[in-house]
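As structure tokens, the structure follows; a few thoughts come after it.
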Amino acid sequence: GPGRPVKNRAVARLENGAFKVTGAGASTHVVVDVVGWWAPAEVVGGRLFQSRAATRVLDTRYGIGAPRARVGKGGVVTVKVAGRGKPVPASARAVVMTLTARDATRSTYVTAWPSGKRRPAFPDLSVPAWRPTANLVVIRIGAKNRIKITNGSGSTHLVGDVVGFYP
């Protein structure tokens with residue numbers, strides 16, 4: 001709606017090294033953060049995206065992958081996404097998942113990153129209070145096959161469904 005920021009992950013095909021962003025019916029400001037790219041198979045040695053049926057690895061409403069509790073302001077959950085009993089092999093480099101914030105008590109942001117690394121400056125989700133918000137995220141798998149996820153303000157439940165990985 002008007003006056004509401006919207007955040008989403010998109011995949012754009014380049015034409016002569018560029019892509020176009022267009023809008024319809026209104027003017028707006030657009031911010032684009034480039035977070036990755038795909039190389040031809042000969043460059044990456046055949047290591048291409050591997051899809052999986054959606055598998056829930058995190059749900060703080062029910063204690064899946066983290067304690068059964070809302071994640072408070074500045075709270076961090078560490079989630080094992082690869083290895084024995086997980087939908088991603090331990091040899092994978094990155095996980096692709098749908099990350100959802102539910103029942104946020106305040107407008108907030110949610111950020112995911114590899115365990116053992118520094119948290120990135122930009123969030124993966126911008127979440128309005130009390131509105132479920134989801135986004136597709138691609139996260140390099142960190143130490144001990146884990147990722148970390150933090151909440152910026154108030155408290156919220158977090159849900160994560162793995163949909164694929166990069167070997």
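The values are calculated or read from the model by the stated rules, or taken from the named source; none is laboratory data. Note that the structure is predicted; figures quoted are calculated from it, not measured. Positions of Cβ are generated from backbone atoms using ideal geometry, with glycine treated the same way; all protein chains shown enter the neighbour counts.
A few points about this structure:
- Residue in segment 31-47 that is farther than 30 Å from R106 by Cα, modelled with pLDDT of 95 or more, in a loop (DSSP other than H, G, I, E, B) and not aromatic (F, W, Y) present: no
- Some residue of segment 102-121 being surrounded by fewer than 21 Cβ atoms within 10 Å (Cβ to Cβ), touching a residue at least 60 places away in the same chain (Cβ under 8 Å) and more than 10 Å from the chain's Cα centre (by Cα): no
- Considering residues of segment 53-82 that are in a loop (DSSP other than H, G, I, E, B) and within 21 Å of V138 (Cβ to Cβ) only, the residue nearest to the chain's Cα centre (by Cα): V81
- Which listed residue, of A90, A69, A82, is surrounded by 14 or more Cβ atoms within 10 Å (Cβ to Cβ) and at pLDDT 95 or above: A82
- Every residue from segment 124-141 that is over 20 Å from R56 (Cβ atoms) and either surrounded by fewer than 18 Cβ atoms within 10 Å (Cβ to Cβ) or within 9 Å of the chain's Cα centre (by Cα) (or both): P128, A129, W130, R131, R140
- Selection count where residues are in a loop (DSSP other than H, G, I, E, B) and aromatic (F, W, Y), scope segment 86-135: 2
- When Q50 is tested against (1) polar (S, T, N, Q); (2) modelled with pLDDT under 85; (3) within 20 Å of the chain's Cα centre (by Cα), exactly one condition is not met: (2).
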